[in-house]
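This report concerns only the one structure given below.
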Amino acid sequence: MKKKVNVCILGTGSMGTALARLFSFNGCEVKMWGIDKEAIYNINSIHENINFLPGVKLNTDISATLEIAEAVKKAKIIVVAIPSQVVSKVFDRAKNYLNKEQIILSASKGIEIESGLTITRVIKNKLPREWHGNIAVLMGPLFASEISTDVPTVGLIATPKITVFKILKKVLQNNNFFVRYSSDVTGAELGGALKNVYAIILGVCDGLGYGWNTKSAAMTAAVKEMALVGHYLGGQKETFYGLAGLGDLLTTGFGEKSRNRRFGEKVCSGQSVGEVLKDIGQVVEGSSTVKILIKLLKKSKIKTPLLNAVFALVNDQKNPCQLMHKILEKTS
């Protein structure tokens, strides 16, 4: 009998749960780690993550624990599916139990506010240099609700080592989930972080009741600006026109369940940013990512009217309707 690949999922949210189900369906043994006691109890006892992915049944070979050492020690693959701002603290706890043979796959989309680093750079800072080649990212249009219900999905795995990609492809790909390869780790990660910000603008279009003409113009401007910003920050420009950029932005900017799009939509209702964030109840990465992006771009000569608009919006500085008119006047 072929030995099962042990996979650790850091995070018991919707994406972590969806990926746990995918790995398990593909024959892996999955151990999830998190700090949400209720989620862990539900995963272990009724095999369902009711609060984050209701209605999706999990295989019995998926288990969850509060003990990080228990989760990571025996794993061949460690998947990072936690909010970007807690990655550093989690790896401070996990690093003593890791080894150089393990593959680390980040599915977290964002930029660390404190350092301005992408998630893999945060992780690399915690690990010996010789381990860095085994770090990869999974990006692209990946709604957890669709992955977990076997809706055909294509993700992008970016890693400097093609051997790492082949290992990950073997345990991820099936008849409903497909993966593509890229060596542009920085570009893929930046695409995953930037699209959260631009999706807020697309949500504003919805909140103001604008039609497809307006939203398509905003989308066109967003992709163009995203590629300029991403290239300046170290990514390859073509990456932002692929799955990790345009593809992910389409999903996040048009999808009803997207938190970032909903944030943009809800701020048009007259609620304050704080009230909207509380109402959504989950992390809205774009609202924090835009703040660090403005700092990172301070010395650049790139014109970023959309980023500036989102920054003003999340700081309760401007009326959404006025912002959209300025954007449409200045972008092409």
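The table that follows gives values for the structure above.
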read-out: Overall dimensions of the range 19-91 by Cα: Rg and Dmax, Å; value: 12.0, 32
read-out: The range 192-230 versus the range 153-172: alpha-carbon centroid distance in Å; value: 29 Å
read-out: Over the range 6-183: Kirkwood hydrodynamic radius from C-alpha pairwise inverse distances, Å; value: 16.0 Å
read-out: Descending semi-axes in Å of the range 180-332, equivalent ellipsoid built from Cα gyration tensor; value: 23, 16, 15
read-out: Relative contact order %, the range 6-183, counting alpha carbon pairs below 8 Å whose residues are six or more apart; value: 20 percent
read-out: Mean separation of Cα contacts under 8 Å (6+ apart) over length of the chain, as relative contact order %; value: 14 percent
read-out: Flagged links, alpha-carbon separation over 25 Å, of LYS89/LYS169; LYS74/LYS95; LYS266/LYS303; LYS195/LYS299; value: LYS89/LYS169; LYS266/LYS303
read-out: Sorted by Cβ density within 10 Å, fewest first, the residues ILE200, ILE119, ILE280; value: ILE280, ILE119, ILE200
read-out: Anchor LYS170: lysines whose Cα lies under 16 Å away (excluding residues fewer than 8 positions away in-chain); value: LYS2, LYS3, LYS4, LYS76, LYS161
read-out: Sparse-neighbourhood loop sites, GluC sites (Glu not before Pro) in the range 224-332 - DSSP loop, at most 12 other Cβ within 10 angstrom; value: GLU256
read-out: Least to most buried among VAL30, VAL87, VAL56, VAL151 (fewest other Cβ within 10 Å first); value: VAL151, VAL56, VAL87, VAL30
read-out: For the chain, calculated [θ]222 nm from helices alone, where every DSSP H run of n ≥ 4 adds -39500 (n - 2.57); value: -14000 deg cm²/dmol
read-out: Highest-MSF residue in the chain out of VAL137, VAL79, VAL284 [GNM, Cα springs under 10 Å]; value: VAL284
read-out: Among ILE40, ILE162, ILE292: highest mean-square fluctuation, GNM of the chain, C-alpha pairs under 10 Å; value: ILE162
read-out: Cα centroid separation - the range 19-82 against the range 234-284, whole Å; value: 26 Å
read-out: Selection of trypsin sites (Lys or Arg not before Pro), the range 232-332, meeting DSSP coil and at most 13 other Cβ within 10 Å; value: LYS257, LYS298, LYS299, LYS301, LYS303
read-out: Mean shadow area of the range 109-207, taken as a quarter of the surface of its Cα convex hull (nm²); value: 7.8 nm²
read-out: Loop-resident sites, the range 88-193, for trypsin sites (Lys or Arg not before Pro), counting at most 12 other Cβ within 10 Å (DSSP); value: LYS100
read-out: GNM flexibility winner over the chain from GLN173, GLN102, GLN282 (Cα, springs under 10 Å); value: GLN282
read-out: The range 192-330 - percent relative contact order, Cα under 8 Å, separation 6 or more; value: 35 percent
read-out: Förster radius 25 Å - calculated FRET efficiency between LEU208 and GLU114 (Cβ-Cβ, nearest 0.05); value: 0.15
read-out: Principal semi-axes in Å for the range 1-53 [√(5λ), Cα gyration tensor, largest first]; value: 20, 10, 10
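Just so you know, all these numbers are worked out from the coordinates, no wet-lab data involved. All values derive from a computational prediction rather than experimental measurement. Positions of Cβ are backbone-derived with ideal geometry, glycine not excepted, and every protein chain shown enters the neighbour counts.
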